[in-house]
Every structure is written in structure tokens, then in C-alpha cells.
Amino acid sequence: MKRLSLSLIAAVFTTVFAAGLTAMSAPASAQQRLRIAGNFALDHSSTLAIEQFKKDVEAATKGALIIETFPNMQLGGAQENVSQTRAGTIAMTWVGMAFLSRTVPELEAVSLPFMFPNREVAYKVMDGAMGDLINQKLADKGFVALGYMELGPRQVTNNVRPIKTVADLKGLKIRLQPNETHLATFKALGANALSMDIKEVYSAMQQNVIDGHENPYSLILASRFFEVQKYLSNTAHFFDFIAVVANKKVIDSLSPEFRAAVKTAMTKAVASQRAIAAKNDAEALAELQKKGMQYDVLPPSEHAKMRQMTSGVVDDVKKRIGADLVDRALAEVKKAGG
């Protein structure tokens, strides 16, 4: 009788303990998780904005939707993140827009050389009718555009000589993003242009496989390229965006409440990143000079020469993706004050 009582007690204890474990694990199993990956450094403004996005989504859904972030090339390079997002292996990526242009070539309509005179015009264009058109082109390839952060004006660095005139670019082996317009622009300027994923750039410059590259000041600093590059100039040949895109099927599969939380949080994240981008750009330039980079300012006359030398690039883009789309983009720039 005593043994039976002990057995019953043990059985009851086991049942209660198991029920407790089930109750504890139930909320976790009910959670949904979305992974977002990027190639930007941990202290880059876009990464900080994505971390805020994570917090806002999880707060709005009371932890029912978890955002898992993978910055700093943790899940591969930029092109890999684009492919992973399109395949649905990850839900989202934040990436330099040029890395999407191989899949959505129409993006080159807003990647023309010397297209945007300032960030205010660039924002107006991407937040307006032209941005809506670009968003549709992305949707046609399985993406949902969630917003466009600022990557900023792109500047040339190299290890061979100071760039004080456009002639100084001649023959330099310069890495660019995998965008036909970007590559054609630097070929027109006399450089030896080649594309390379960002994850390979530091070692390629360190080993003198390439002479230099081009990026916004903030990214040059965040990626510590000042350690392997000596010369920096204010070429400002492109104004670039960070596109935040998601897999359309993944987003469509979310509940209306979760979709709203994601879009609202990302709109806030984009706005906050843009608000500090100009400040970060100026601070990064000052810090790069402190780190030992020689900074040379190209005069307006040299920028005018560069515009003239790259005018044929626009005609080539029209042939490749359609004159109507490019003309529409240029008209929107003019309308926005450019």
C-alpha cells in the first residue's frame, strides 16, 4: 500500500511537471521569427536603425514577432543577402541598392552619375511617384520595398596618388558595386573599373589587387578602409541609397497586424537613419583625416568635366532599360528641385 502511494505521488508529480514544461514552452512555439541580414558594420547608422526596428516590432507585437538581425556580413556578402532574400532563406535585407540592380535593372534609372544635387532632392524622388514605380519593379521580382535609407554621396579612395583632377583617375584600378551604370561611369572617366563584393574589398586593397574603391565617408570609416588606403577625394559621383527589401511571399504570409508592425517600424527606422546621415557624413570625413588619410578637394570645374565625360552613360542606360523610365526619373529630379 505504501509503495502504491509513492507510485501515485511520482506519477502525479511527473504529470504536473510535464504540464508545466508544456505551458512554459507554449509562448515560444507561438512566436514567429523573421531574419534580416546586412553587410554594414555594427556601428553604421543603418545597422543602428535596424536594431531600433527590431525593438519596435517586438514591442508592438508584445514579443509575438521576433526579429533576428545579422549585420556585418554574418550571413554572407551583399549579393548573397539579396539572393537569400529573394529565395526566402531570410526574410529581409538592407543593402546598397546597386546590389539589387542585377535582379532589377530598372533601379539604374535612379543611379545615374551626378543625378542628385543633394540629399533633399534624392529623398523627394525616392519618396514620390518615381519611388512607387521602382517599388513595383521590385515587386515584379518578388521583393517588397520597405524603405530607402541614405548611403550617401560616393567618394574615391586610392593608394597610388591624390585625385585632384579627373585626369588623375586614368588607369587606376577602382572597385565598384555590381551595377552596369557605375562601372560604365568610371570607364568613361578613364579608370580601370571592376566589380567586387564588399566583403572582398579590404583584403584586395591591402594586397594591392586593386588601387582603390569608392564609398561614402561614413562607410569608409566604419569599414576601416583608412587602414589600407591613403588618398581620399570629394568626387561625389553618385548619391546612393540603402534599400530595405523583404521577400514578398514572407511578408504576405504575416497577419495584418504583424505586417503593419513591420512597415510602421521600418518607416520610423528609415526616417531616423536619414536624420543623422548628413551629420555622420561630415563627422566621418573629419575622422578619416585624423586617421591619416590625405583629403583633396576637386574644384567645381573638375566636377563639370566629369559630368560631361559621363553624359554618354545616360544614353546607354536608356537603351538598356528604356528611355521612358530614365526620362521619367530625370523629370522627377527636376521637379524636386534638381
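Before moving on, here are some points about what is shown:
- Those strands (runs of 3 or more DSSP E) of segment 59-157 in which 2 or more residues are buried (at least 23 other Cβ atoms within 10 Å of the Cβ) occupy 92-96, 143-153.
- Of all residues in segment 219-234, those that are of a type in the set (Lys, Arg) and either touching a Pro at 6+ places or on another chain (Cβ under 9 Å) or at negative phi (or both) total 1.
- Extreme residue, farthest from the chain's Cα centre (by Cα), among residues of segment 158-170 that are of a type in the set (S, T, N, Q) and in a loop (DSSP other than H, G, I, E, B): Thr165
- Residue match in segment 185-196 (condition: within 16 Å of Gln289 (Cα to Cα), touching a residue at least 60 places away in the same chain (Cβ under 8 Å) and of a type in the set (S, T, N, Q)): no
- Test for Phe238: is it buried (at least 23 other Cβ atoms within 10 Å of the Cβ) and either in contact (Cβ under 8 Å) with a residue 60 or more places away in the chain or hydroxyl-bearing (Ser, Thr, Tyr) (or both): yes
- Candidates Ala284, Ala277 - the one that is at pLDDT below 95 and in a helix (DSSP H, G or I): Ala277
- Whenever a residue of segment 26-52 is among the charged types (D, E, K, R), its partners that are surrounded by 21 or more Cβ atoms within 10 Å (Cβ to Cβ) and modelled with pLDDT under 95, lying with C-beta atoms within less than 9 angstrom and at least six residues away or across chains, give the pairs Asp43/Ala222.
- Selection from segment 287-311 of residues that are part of a helix (DSSP H, G or I), closer than 11 Å to Phe226 by Cβ and in contact with a helix residue (DSSP H, G or I) (Cβ under 7 Å, 6 or more places away or on another chain): Glu287, Leu288
- Residues in segment 312-321 that are surrounded by 13 or more Cβ atoms within 10 Å (Cβ to Cβ) and touching a residue at least 40 places away in the same chain (Cβ under 8 Å): Val313, Val314, Asp316, Val317, Arg320, Ile321.
- Test: residue in segment 252-274 that is in a strand (DSSP E or B), in contact (Cβ under 8 Å) with a residue 40 or more places away in the chain and either over 18 Å from Val156 (Cβ atoms) or under 16 Å from the mean Cα position of the chain (by Cα) (or both): no
- Boolean, Leu232 is of a type in the set (A, V, I, L, M), surrounded by 16 or more Cβ atoms within 10 Å (Cβ to Cβ), more than 16 Å from the chain's Cα centre (by Cα) and part of a loop (DSSP other than H, G, I, E, B): no
- Condition check for Thr22: under 29 Å from Ser255 (Cα atoms), modelled with pLDDT under 95 and loosely packed, with under 12 Cβ neighbours inside 10 Å: yes
The values are calculated or read from the model by the stated rules, or taken from the named source; none is laboratory data. Quick caveat: nothing in here was measured; it's all calculated off a predicted structure. All Cβ positions, even for glycine, are placed from backbone atoms using ideal geometry, and neighbour counts span all protein chains on display.
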